[in-house]
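Please read the structure below before turning to the comments.
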Amino acid sequence: MLKKILFLILPLNFICLLSICQTDSLFYEDFIDNTNNWNLVNNENLSSSIKKGKLTIKGKVDNTANAIWRPFYIDQDMDFTIVISIAQYGGETYSPFGIIWGANGWDSFYSFMINSSYSYAIYRIRNNKQHIIEDWEYSEALYPKYFFNELKIEKKEGYLLFYINNSIVYSMEYKTMYGIDFGIVLNDRSKVKVEFLKLKYHPLKELVSDPITDYDLKNVLIKTDSLQPLISPV
């Protein structure tokens with residue numbers, strides 16, 4: 001049986017804009033407090049809080065996707081890395097959670113999702129139409145419920161590489177982002193915790209000394225876009 005994931009459009013109330021300088025400087029969020037102004041909420045759909053070095057997000061409605069948002073400007077002419085450490089602490093193991101980046105609200109975005117049934121998916125929404133990049137795929141790199149998984153997205157020499165716990169799971173040609181919005185997303189009545197988020201640019205010396213390898217390139221899969229609804233295996 002397949003479980004369809006629906007989207008609920010939420011108002012975006014951004015408080016400030018983080019402008020990352022064009023160096024290898026690292027933005028590091030450890031969730032000690034809300035100095036970086038995440039859009040925390042507590043309503044009929046979602047609750048979120050920052051306590052004891054963790055961002056906790058809890059969904060309150062089935063068959064619904066919700067997100068905690070924050071804008072991040074990323075210079076797309078630079079190579080960069082986004083890393084997040086996230087774990088599921090409540091809900092069904094098939095309920096997806098993960099990150100949205102390069103978004104223009106819910107209308108257009110890219111997303112890297114996982115679940116506690118050891119599966120991941122990569123997709124994009126463009127003008128409210130869904131396009132599957134990588135449909136739900138089993139990965140031995142994933143950890144189970146209550147364990148933190150490190151998701152990494154790396155733009156490198158014209159490619160976008162996806163990692164789970166330091167294992168590359170997918171790669172594709174880099175596509176232009178739609179906007180500056182970044183979201184941590186979950187589905188259904190599930191609960192996730194986030195322990196850190198890192199964003200950085202790659203310095204030139206790193207690009208020269210650590211080029212893309214044949215191992216990276218052999219997993220480049222450029223697939224025809226699909227308009228199938230996003231689903232998660234039970």
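So that you can scan it fast, the table gives a plain yes or no per residue for (1) surrounded by fewer than 19 Cβ atoms within 10 Å (Cβ to Cβ); (2) among the hydrophobic types (A, V, I, L, M, F, W, C):
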position: Leu151; (1), (2): no, yes
position: Glu154; (1), (2): no, no
position: Glu157; (1), (2): yes, no
position: Tyr163; (1), (2): no, no
position: Met172; (1), (2): yes, yes
position: Thr176; (1), (2): yes, no
position: Arg189; (1), (2): yes, no
position: Val194; (1), (2): no, yes
position: Leu199; (1), (2): no, yes
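Which members of segment 38-62 meet the condition of being on the phi > 0 side of the Ramachandran plot and either in contact with a strand residue (DSSP E or B) (Cβ under 7 Å, 6 or more places away or on another chain) or among the hydrophobic types (A, V, I, L, M, F, W, C) (or both)?
The first filter runs over segment 38-62 and keeps only residues on the phi > 0 side of the Ramachandran plot, leaving 52-53.
Once the filter is applied, which keeps residues that are on the phi > 0 side of the Ramachandran plot and either in contact with a strand residue (DSSP E or B) (Cβ under 7 Å, 6 or more places away or on another chain) or among the hydrophobic types (A, V, I, L, M, F, W, C) (or both), segment 38-62 yields only Gly53.
Among the candidates Thr93, Thr64, Thr81, which residue alone is open to solvent by 10 Å² or more (accessible area, probe 1.4 Å), without any contact (Cβ under 8 Å) to a residue 60 or more places away in the chain and either out of contact with any helix residue (DSSP H, G or I) (no Cβ under 8 Å at 6 or more places or on another chain) or within 25 Å of Thr176 (Cα to Cα) (or both)? Give the derivation first.
Details: Thr64 fails: without any contact (Cβ under 8 Å) to a residue 60 or more places away in the chain; Thr81 fails: without any contact (Cβ under 8 Å) to a residue 60 or more places away in the chain.
Matching residue, one of Thr93, Thr64, Thr81: Thr93.
So the check is Cβ under 7 Å with 6+ separation or different chains; which pairs have a first residue in segment 141-156 that's over 18 Å from Ala121 (Cβ atoms) and a second one that's open to solvent by 50 Å² or more (accessible area, probe 1.4 Å)?
Sorted first by the residue in segment 141-156, then by its partner, the pairs are Tyr146/Tyr89; Phe148/Glu195.
In segment 139-177, how many are out of contact with any helix residue (DSSP H, G or I) (no Cβ under 8 Å at 6 or more places or on another chain) and part of a strand (DSSP E or B)? Steps first, please.
If we filter segment 139-177 for residues that are out of contact with any helix residue (DSSP H, G or I) (no Cβ under 8 Å at 6 or more places or on another chain), which is where we start, we get 139-155, 158, 160, 162-167, 169-170, 172-177.
Then keep just the ones that are part of a strand (DSSP E or B); that gives 149-155, 160, 162-164, 167, 169-170, 172-173.
Final tally of qualifying residues: 16.
Just one of the numbered conditions (1) touching a Lys or Arg at 6+ places or on another chain (Cβ under 9 Å); (2) aromatic (Phe, Trp, Tyr); (3) closer than 24 Å to Pro203 by Cβ is not true of Trp101; which one?
Trp101 satisfies all of (1) touching a Lys or Arg at 6+ places or on another chain (Cβ under 9 Å); (2) aromatic (Phe, Trp, Tyr); (3) closer than 24 Å to Pro203 by Cβ except (1).
Do we find that Asp79 is among the acidic types (Asp, Glu) and in contact with a Gly (Cβ under 7 Å, 6 or more places away or on another chain) in this structure? Working first, answer last.
Values: among the acidic types (Asp, Glu): yes; in contact with a Gly (Cβ under 7 Å, 6 or more places away or on another chain): no.
Judged against the criteria, Asp79 is not a match.
State whether the residues of segment 156-176 include one that is aromatic (Phe, Trp, Tyr) and closer than 23 Å to Asn36 by Cβ. Walk me through how you get there before you give the answer.
Applying the first criterion (aromatic (Phe, Trp, Tyr)) to segment 156-176 yields 159, 162-163, 170, 174.
Now drop any that are not closer than 23 Å to Asn36 by Cβ, which leaves none.
Checked against the condition, which is being aromatic (Phe, Trp, Tyr) and closer than 23 Å to Asn36 by Cβ, segment 156-176 yields no hits at all.
Looking at this structure, is Gly102 touching a residue at least 60 places away in the same chain (Cβ under 8 Å), more than 20 Å from Thr64 (Cβ to Cβ) and open to solvent by less than 10 Å² (accessible area, probe 1.4 Å)?
Working: touching a residue at least 60 places away in the same chain (Cβ under 8 Å): yes; more than 20 Å from Thr64 (Cβ to Cβ): yes; open to solvent by less than 10 Å² (accessible area, probe 1.4 Å): yes.
Criteria met by Gly102.
The values are calculated or read from the model by the stated rules, or taken from the named source; none is laboratory data. From a predicted model like this one, the values you see are computed outputs, not experimental measurements. Glycine gets a Cβ as well: all are built from the backbone with ideal geometry, and neighbour counts include every protein chain shown. Accessible surface is based on the protein model in full, side chains and every heavy atom, while ligands, DNA and RNA are left aside. Shrake-Rupley method; radii C 1.70, N 1.55, O 1.52, S 1.80 Å.
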